[in-house]
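What follows is a single structure, written as structure tokens, with notes after it.
The values are calculated or read from the model by the stated rules, or taken from the named source; none is laboratory data. All values derive from a computational prediction rather than experimental measurement. Neighbour counts run over all protein chains shown; Cβ positions are idealised from the backbone, glycine included. Protein only, heavy atoms only, side chains kept; ligands, DNA and RNA dropped before computing areas. Shrake-Rupley method; radii C 1.70, N 1.55, O 1.52, S 1.80 Å.
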Amino acid sequence: MASNAAVPFWRAAGMTYITYSNICANLVRNCLKEPYKTDALSREKVHFSISKWTDGKPEKPTLRTDSPEE
Amino acid sequence: MFLFLQPPLTRSHRTVRRGIVRRYEVDMVIVPATTGQMGVLPGHVATIAEFKPGVLSVHEGSETTKYFVSSGFVFIHANSFADIITVKAVPLDRINANLVQKRLVDFTQKLS
């Protein structure tokens with residue numbers, strides 16, 4: 001059977017609701033007045049280490065520091 | 001007028017950053033649903049509505065507090081509880097209008 005609902009525009013653009021929502025939130029964060037803007041942007045920074053596993057063993061990890069702008 | 005006879009509308013407002021920011025009784029909330037501004041009063045039919053970016057206003061007696069919400073949902077329950085869930089809800093006075101204008105121009109140019 002064909003689906004009943006029209007595809008939402010963000011799904012048609014190839015993203016999930018969460019990606020859409022995070023993009024919206026980011027746009028708002030970048031339009032704030034000063035102490036709030038740097039607070040909000042710094043709160044969203046992530047810093048993490050990733051390692052891929054093959055044959056039950058972790059490979060060398062990579063460190064990433066990402067801020068919300070892609 | 002019909003607010004007298006109904007139980008108060010309890011609204012809990014959750015954002016990603018703070019968990020439950022507020023949970024209190026209000027008279028009315030106006031939310032920016034994708035279908036337009038929607039007024040939520042006590043006794044509202046149970047509804048789930050998705051937001052488009054817009055202004056959320058909370059009315060308590062004669063006071064109104066307005067927030068800009070980036071996106072999100074409202075879940076209105078049959079017992080006059082409404083849950084408002086957003087990633088960002090900022091009081092309007094924290095928004096820098098110049099930045100908004102500038103970014104709007106930038107993005108419009110990128111579109112064309």
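Please determine whether any residue of region A:9-22 is in contact with a Ser or Thr (Cβ under 6 Å, 6 or more places away or on another chain) and of a type in the set (Ser, Thr, Tyr). For region A:9-22, residues in contact with a Ser or Thr (Cβ under 6 Å, 6 or more places away or on another chain) and of a type in the set (Ser, Thr, Tyr): present. Taken together, the residues in region B:62-100 that are without any contact (Cβ under 8 Å) to a residue 12 or more places away in the chain and of a type in the set (Ser, Thr, Tyr) amount to 2.
Taking the numbered list (1) part of a helix (DSSP H, G or I); (2) out of contact with any Asp or Glu (no Cβ under 8 Å at 6 or more places or on another chain) in turn, A:Ala6 passes all entries but (1). One residue is enough: does region B:36-45 have a residue meeting the conditions within 24 Å of A:Lys37 (Cα to Cα) and in contact with a Gly (Cβ under 8 Å, 6 or more places away or on another chain)? Within region B:36-45, not a single residue is within 24 Å of A:Lys37 (Cα to Cα) and in contact with a Gly (Cβ under 8 Å, 6 or more places away or on another chain).
Here's the yes/no breakdown for (1) of a type in the set (Gly, Ala, Ser); (2) open to solvent by less than 60 Å² (accessible area, probe 1.4 Å); (3) farther than 28 Å from B:Asn96 by Cα:
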| position | (1), (2), (3) |
| --- | --- |
| A:Gly14 | yes, no, yes |
| A:Leu27 | no, no, no |
| A:Lys52 | no, no, yes |
| A:Gly56 | yes, no, yes |
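If you go through region B:45-94 and keep only what is in a loop (DSSP other than H, G, I, E, B), hydrophobic (A, V, I, L, M, F, W, C) and within 14 Å of another protein chain (Cβ to nearest Cβ), you end up with just B:Val87. State yes or no: is B:Val31 at pLDDT 85 or above, assigned to a loop (DSSP other than H, G, I, E, B) and either open to solvent by 50 Å² or more (accessible area, probe 1.4 Å) or at negative phi (or both)? For B:Val31, the condition - at pLDDT 85 or above, assigned to a loop (DSSP other than H, G, I, E, B) and either open to solvent by 50 Å² or more (accessible area, probe 1.4 Å) or at negative phi (or both) - is not met. If you check every pair at least six apart or on different chains, which have Cβ atoms under 6 Å apart with a residue in region B:46-60 that is closer than 11 Å to B:Val74 by Cβ first and a residue that is loosely packed, with under 15 Cβ neighbours inside 10 Å and modelled with pLDDT of 90 or more second? What qualifies is B:Glu50/B:Thr34.
Spot the failing condition for A:Phe9; the list is (1) surrounded by 10 or more Cβ atoms within 10 Å (Cβ to Cβ); (2) under 26 Å from B:Lys102 (Cα atoms); (3) more than 9 Å from chain B (Cβ to nearest Cβ), and only one is missed. In the conditions (1) surrounded by 10 or more Cβ atoms within 10 Å (Cβ to Cβ); (2) under 26 Å from B:Lys102 (Cα atoms); (3) more than 9 Å from chain B (Cβ to nearest Cβ), A:Phe9 misses (1) alone. The set of residues from region A:41-50 being in a helix (DSSP H, G or I) and either within 8 Å of chain B (Cβ to nearest Cβ) or open to solvent by 70 Å² or more (accessible area, probe 1.4 Å) (or both) comprises just one member, A:Arg43. Considering region B:86-99, and only residues there that are open to solvent by less than 60 Å² (accessible area, probe 1.4 Å) and under 15 Å from B:Pro53 (Cα atoms), the residue that is modelled with the highest pLDDT turns out to be B:Ile95.
Could you give every pair whose Cβ atoms fall below 6 Å, whose first residue belongs to region A:45-67 and is free of Cβ contacts under 8 Å to residues at least 60 places away in the same chain, and whose second residue is polar (S, T, N, Q), counting only separations of at least 6 or pairs across chains? Qualifying pairs under 6 Å: A:Lys45/A:Ser67; A:His47/A:Thr65; A:Ile50/A:Thr62; A:Pro58/A:Ser51; A:Glu59/A:Ser51; A:Pro61/A:Ser49; A:Pro61/A:Ser51; A:Leu63/A:Ser49.
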